[in-house]
Amino acid sequence: MRFSLSLLAVSVGTIIALSPLHSASAQSPARLGGLDGKDEVEHENSSGAIATALDSAKTVEVAQADEAAQPENDSESEAIVVETEPAAETEPTAASDQSNADADAESAEPTEQPGNAEEPSNASTSPDDASADESEREITPETSSETASEEVSEQLSQDLPAGDETEETSPAPSLGSSDEATPPEDEAEVDDEAEAEAEAEAETAEENLIQAAPEYLNPSPNPLQFPTQPEEVEIVGTQPITLEQAIDLAVRNNRELQVSRLELERAQAALREVQANNLPTVDLNSNLTFQENTQQQDSGALQDFLDQLQGGQGGRGQSDEDDVNVVLGGAVELNYTLFTGGRRPALIEAAEGQVRFQELQVEAQEEQLRLDVINNYYDLQETDEQVRIQESALEQALQSLRDAEALERAGVGTRFDVLQAQVDVANARQQLTQALSQRQIARRQIVQTLSLAQSVEVAAADPVEVADLWDLSLEETIVLAIRNRAELEQQLVQREVSDAQRRAALAQLRPQIGLFASYNVQDTLNEDQTVQDNYQFGAQFNLSLFDGGAARAQAAQEEANIAIAETNFAAQRNQIRFDVESAYSNLQANFENIQTASLALEQAREALRLARLRFQAGVGTQTDVLIAQSDLTEAEFNRVQAILGYNRSLAELQRSVSNFPYAGVIPEPSPQVQ
């Protein structure tokens, strides 16, 4: 405790004594303006001493926390502190580093014997070692590169299985607990049960995450909804959603995908229509006719004429019977085409091909929709990050303006520096306004893709981070893409459909044989006659002797369609390969850019900090600060673009491979693709 209090006092005193904004700097313009190179070096050394003192204070606090957590090792911890106290009074940096190392050793090995505590006695180091330690704390390109690489590696290793992480981070068993250890068989059973429970919980969490999208995001079930009032299209709220939720909403609500599914249903109905030709047709006909009795009228007129020739009077031809007969008739007909020359099976095969083509179209539409949603989501993340970066740039510009105005009031600054800072603030505000506009457009774009409700908009809930790794080589990716892409199979199916339609056209020149049967019944309702009925059956033979060449012309058209499908297959295959190669190249480039951008970001932050300190001390210019601010903004945006560019390239690779999550091991190409 005595060591920690003294070290904190030294740290606070060092901060007060070496602060670049001390009152003496504000009251001595001539001295600030006349700093030479030696004073600048001393100023930088003082900044390093401040950081060193703060690190030492934090190290002591960590050591005290470890002592409170492990009361059984109090004597050991006190021995370590006592041994390092003389070194702390002379060289705080070296002592704090050694104390931190001892605290880490105690937390990693709780059962370590007290005899091992004698190692920290080497904490007393020479001034050369302390200066070397301070030099290692300075930011250099090599150390910054290692730090950035470690950050990227930690970010990319988040997808490791839980079992591997447990094995790496599990502490060593206690030396004195061998009698109470769990038997190996029981440990294996416990591990299996724990893994099973962890997998079940992960699956349940993933399902809940996908189903967590609120219901009010879904659009109206009425596709003919027509807003007539401004309140119906007013945005009432913003709902953050994850990428998985966005994909799930798109699959359920996207209008283009719904049209593709309806086209599939239409093709299935067309197939059922063609398959109906395999069955006979049965027709029922019925008729009711009013027929004039012309035979009785003709016989009566002839009799009247004969009576007039004999000197008698006519008119005997009139009959009391009705002159109109009411006839009710009906018929049942059965027809069946027995032989079509191969036309019927060819048409059925073509219809089945159209159904398969539409199924592949739905699959391709879903994959393309998934890629569009991912790109829109990454665009939304990019605009969010751009707004954040521009807000940070505006804050930096305002800070520079406050510093310039303070120096002007102190008499060590110029009006020119203040004007430069004001212009930079105005530019930052303009860029922030533009970034806010782009974010609003990105939000409405993803709402349109997801086909959400009229009065809501969404925001990105996932942080900007590396999505996943791609473990396949370029050649394996190309082969897998050529095998799985629905567009290639569509061209093969289209070729088969055209060939079936060609055979159907040529079948029109072959004979057609059909069977028929019918039964007719007729009854005169106003006469006392019996019902008349009859039946007939037979076969029909039809052969087209000359059609003017129409059938062969149709066959020639389908042959051209076959050649077109083959040519499109080759073009689509080349396009898929190019898409895979370009996405793979962008993936590799963006992966390297992530590391480079992370390093540049750390360097830009440090450069801005130093430029601001130099300007506040009077040895730097406002232009240096503005340039450093611009470099920091560009570095932050470059890192965001590198990460999102990597994620976009990964999504394009997954789209090129199509069914990558379900592909598993690379299979052999099918004969159709070879």
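The values are calculated or read from the model by the stated rules, or taken from the named source; none is laboratory data. Treat the numbers as computed from the prediction; the structure is a model and nothing was measured. Here Cβ is always computed from backbone atoms with ideal geometry, including for glycine, and neighbour counts include all displayed protein chains. Areas reflect the complete protein model, heavy atoms only, side chains present, ligands, DNA and RNA absent. Shrake-Rupley method; radii C 1.70, N 1.55, O 1.52, S 1.80 Å.
The smallest convex shape that holds all Cα atoms of region 385-452, its convex hull, gives 57 Å³ per residue. Split the accessible area of region 421-511 by element, probe 1.4 Å, and carbon with sulfur accounts for 44%.
In this structure, T414 and Q438 have a Cβ-Cβ separation that, at R0 = 30 Å, corresponds to a calculated FRET efficiency of about 0.25.
Take the Cα radius of gyration of region 558-659 and divide it by 2.2 N^0.38 Å, with N its residue count; two decimals is plenty.
1.84
Legend: residues V464, V458, sorted from most to least accessible area (1.4 Å probe; ligands, DNA and RNA excluded), read V464, V458.
Ignoring any ligand, DNA or RNA, what whole percent of the accessible area of region 611-651 comes from carbon and sulfur when the probe is 1.4 angstrom? Carbon and sulfur: 53 percent of the exposed surface of region 611-651. Between A269 and A560, residue separation times 0.36 nm minus the direct Cα-Cα distance comes to 102.0 nm. Rounded to the nearest 0.05, what FRET efficiency do E199 and D471 have when you use their Cβ-Cβ distance and R0 = 30 Å? So the FRET efficiency works out to roughly 0.90.
Determine, for each peptide in 434-444, 270-280, 645-655, 226-236, the mean count of other beta carbons within 10 angstrom over its residues, then list the peptides with the highest first.
645-655, 434-444, 270-280, 226-236
Calculate, in nm to one decimal, what L262 and S518 gain on full extension: separation in residues at 0.36 nm each, minus their alpha carbon distance. Length gained, L262 through S518: 88.1 nm.
For region 317-464, the fraction of C-alpha pairs more than 21 angstrom apart is 73%. Of the accessible area of region 555-603, computed with a 1.4 Å probe over protein heavy atoms only, carbon and sulfur atoms account for 47 percent. A straight chain from V531 to L334 at 0.36 nm per residue would run longer than the Cα-Cα distance by 68.7 nm. FRET efficiency for the pair N568 and S220, taken as 1/(1 + (r/R0)^6) with r the Cβ-Cβ distance and R0 = 30 Å, rounds to 0.15. The HN-Hα couplings worked out from phi for region 586-592 by the Karplus form 6.51 cos²θ - 1.76 cosθ + 1.60 (θ = phi - 60°) are 5, 5, 5, 5, 5, 5, 5 Hz, whole numbers, x standing for Gly and Pro.
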